[in-house]
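Read the structure below first, then the notes.
The values are calculated or read from the model by the stated rules, or taken from the named source; none is laboratory data. Since this is a predicted model, take the numbers as computed values, not measurements. In this analysis, Cβ positions are derived from the backbone assuming ideal geometry, glycine residues included, and neighbour counts consider all displayed protein chains. Side chains are part of the model used for accessible areas, which takes the heavy atoms of the whole protein and leaves out ligands, DNA and RNA. Shrake-Rupley method; radii C 1.70, N 1.55, O 1.52, S 1.80 Å.
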Amino acid sequence: NLTVQQQAFLDAYELLRKKHYKKYRVIRKQLDDYALAPHLDYYYLRDNLTSTSPARIEFFIKNNGTYLAERLRSEWLMSLGQAKKWQTFLKFYTPQKKEALQCYFVEAAYKKGSEYEKREAKSLGQELWRTSTRLTKNCAEVDTVLRQHKHLSGTLVWQRIENALNQRVYSRALYLKR
């Protein structure tokens, strides 16, 4: 036996899954005081990141002290990075654990960032470059940016070679010795 709000929540969630957004919005309005309503908002925003205004996403992130807010931030930053929307990316970036987001930060900072952001990006980029045996597709630009700005010292290259050898990635070590 479900309460009216519980049933409305389940109905709204099902409409979200089916992407029936018009009907979803009607039911969602009835759930403003329901404790799980932020979950519905999260799923709606997550599924509509590219078509939702940055202000609406920012409102959710700033007004939901839940793990969902940080999860949405991470997913939104990934979307912004893939779309290369660097100014918006930098405005909402906070230090992230995901390597891809760290790499996007490096790229964004070098392309559109303040001097402070560029210094932060240099440090982070060098650390990512030094500790990675192989940069992922999202991180390929880190190598390019560091080379263009001459931020790869001989010491840094040797540290990466040593890291590759320690991890038995000999092909990478041979590639780096060039």
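Here are a few things to note about the model shown:
- Scan of region 131-168 for residues that are at pLDDT 85 or above, open to solvent by less than 70 Å² (accessible area, probe 1.4 Å), under 27 Å from Gln82 (Cβ atoms) and not small (Gly, Ala, Ser), ordered by number: Thr131, Cys139, Glu141, Val142, Asp143, Thr144, Val145, Leu146, His151, Leu152, Arg160
- Residue that is touching a residue at least 12 places away in the same chain (Cβ under 8 Å) and of a type in the set (Gly, Ala, Ser), where the choices are Ser74, Ser51: Ser74
- From Leu10, Leu72, Leu2, residue being crowded, with 16+ Cβ neighbours inside 10 Å and either in a loop (DSSP other than H, G, I, E, B) or at pLDDT 95 or above (or both): Leu72
- Against the criterion of being within 26 Å of Lys85 (Cα to Cα), of a type outside the set (Lys, Arg) and assigned to a helix (DSSP H, G or I), Leu45 qualifies.
- In region 89-100 there is no residue that is farther than 29 Å from Leu135 by Cβ, of a type in the set (A, V, I, L, M, F, W, C) and either open to solvent by less than 20 Å² (accessible area, probe 1.4 Å) or in contact with a helix residue (DSSP H, G or I) (Cβ under 6 Å, 6 or more places away or on another chain) (or both).
- Yes/no for Arg71 being within 12 Å of the chain's Cα centre (by Cα) and over 21 Å from Lys150 (Cα atoms): yes
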